[in-house]
Amino acid sequence: MRRKILALLAACTMMASPLPGYAAKNDGANSKKSVQKAALKKQDTRKAAVKNTAKKSTKPVKNARSTVNNKKIAAKAGSKKKVAQNAAHPPARHIAVSDDPAHLAIQSAAALVLDQTTGKALVEKQPDAVLPIASISKLMTAMVVLDAGLDLNEVISIGHDDVDDLKGTRSRLPVGTTMTRETAMLLALMSSENRAANALGRHYPGGLAAFVAAMNRKSRSLGMFDSRFEEPTGLSSNNVSTAHDLARMVAAAARYPEIRMFSTTAEAKVALNGRIQTFGNTNALVRSDNWQIGVSKTGYISEAGRCLVMQAWVADKPVVIVLLDSQGKMTRVGDANRIKRWMESAALAKAAHPA
């Protein structure tokens, strides 16, 4: 009985205890499961770490993009500011100066600018057109008087023959007015007084006819072969010349000190008939500080238009300027100023960019 009880206990013990193989197998499975769980946990940890890293790395990228955008915005703002500053203070314009005088747009019908040093024509517009020259004739009148060596202090008078019956122009010299030959020349050249100019011709040895003949001889001696003079004032439209011929006449007139002085006098007070009268120059440019003029003469009759001749220094060059048949009171002055600005600009450009 005792043996049966012991055997039964042993059997129960065996049944209660797992078999060694099964236990090992079960332990292996459990171990495998533990390993798998650990691996999964490790993997989850890695994923979490990667995710956190991604989140961390995403934030700086976003900040980098934001920085780039901020820089772009700042650049645009700076650009706008720069544009605003440029609008308020525009940069200096650099204008190229053309050597082509065709860009001058000379309004006078005929024009010539002659460099006296080289003899080169700087500007030409119908320089050989034969045109009436009006009171430009008075430069020839003065040269003929001076060539004759007549006494400039001799007193001459204004007579009825000096009154303009051709155009009916007015004069501040009544018939009977007396003055020296020098004063008559001053008024003829400075104020273009027709009666003074005619009186100079009338008081020439041999009279007016001899004087006109001397004018034409003088013009031929200067090579003015397309010129003709009929009387000393220029009131006749038969007093004709070309821009080329007048350039020769102006250059010749510049050799006479009296003509240089009288033709460029801006204003003079003259005692006439017991009272002082003030006369001014018909060329406004002689009163300008911007011009250095050696010889000047204006002219006007309806057939000739408005004319202007000058010998002047422009851009450090001695030049002769001839402008014929200008329409409008200021056209000849405008042309002269355009020529001057063009020459000065060309000289500055040449100095800045020497060949």
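Every number here is computed from the coordinates shown, using simple stated rules; none is lab data. Being a predicted model, the structure only gives us computed values, none of them experimental. Here the Cβ positions follow ideal geometry from the backbone for every residue, glycine too, while neighbour counts run over all protein chains shown.
Which trypsin sites (Lys or Arg not before Pro) from segment 154-251 combine a DSSP loop assignment with at most 16 other Cβ atoms within 10 Å? Could the numbers behind the result be given before it?
Numbers: sites: K167, R170, R172, R181, R195, R202, R217, K218, R220, R228, R248; in loops: K167, R170, R172.
Hits after loop and neighbour filter: K167, R170, R172.
Roughly how many Å is it from the Cα centre of segment 245-279 to that of segment 116-144, as a whole number?
Cα centroid of segment 245-279 versus Cα centroid of segment 116-144: 18 Å apart.
Using the Cα gyration tensor of segment 255-310, with a ≥ b ≥ c the square roots of its eigenvalues, what is the shape: rounded (a/c below 1.5), prolate (a/b larger than b/c) or oblate (neither)?
Numbers: a/c = 1.84, a/b = 1.29, b/c = 1.43.
Judged from the Cα gyration tensor, segment 255-310 comes out oblate (a/c at least 1.5, b/c at or above a/b).
What distance in nm separates the two pseudo spin-label positions at T178 and R228, each 7 Å out from Cα along the beta-carbon direction?
Distance between the two pseudo-spin positions: 4.0 nm.
Can you tell me how much longer the chain between A129 and D316 gets when fully stretched, taken as 0.36 nm per residue apart minus their C-alpha distance, in nm with one decimal? Write down the numbers at each step before the final one.
Working: separation 187, 0.36 × 187 = 67.32 nm, distance 2.92 nm.
Result for the pair: 64.4 nm of gain on full extension.
By how many nm would the segment from E267 to A349 grow when fully extended, if each residue of separation counts as 0.36 nm and the alpha-carbon distance is taken off?
Values: separation 82, 0.36 × 82 = 29.52 nm, distance 3.65 nm.
Additional length available on full extension: 25.9 nm.
Which of the residue pairs K218/K340; K218/K297; K167/K297; K120/K350 have a Cα-Cα distance greater than 27 Å in the structure shown? Before the final figure, lay out the partial values.
Working: K218/K340 30 Å; K218/K297 18 Å; K167/K297 20 Å; K120/K350 17 Å.
Long pairs (Cα-Cα over 27 Å): K218/K340.
Could you list the residues of segment 198-216 with an amide nitrogen less than 13 Å from a label point located 7 Å from the Cα of D161 in the Cα-to-C-beta direction?
198-212
For segment 177-224, just the Cα atoms, rotate onto the principal axes and tell me the three extents in Å, largest first.
Result for segment 177-224: principal-axis Cα extents of 34, 23, 15 Å.
Could you check the spin-label model distance between T118 and I276? Points 7 Å from the Cα along Cα→Cβ, value in nm.
Inter-label distance under the simple model: 4.9 nm.
Please list, or write none, the aspartates and glutamates whose alpha carbon is within less than 14 Å of the alpha carbon of K317, excluding same-chain residues fewer than 8 places away.
Result set, ordered by chain and number: D115, E344.
Roughly how many Å is it from the Cα centre of segment 326-353 to that of segment 196-238, as a whole number?
33
Starting from 0 in steps of 10 Å, tell me what percent of the Cα-Cα pairs of segment 281-342 lands in each bin.
That works out to 23, 59, 18, 1, in percent per bin.
Kirkwood Rh, Cα Rg: Rg to Rh for segment 212-355? Can you show the working numbers first?
On the way: Rg = 17.0 Å, Rh = 16.8 Å.
Rg/Rh: 1.01.
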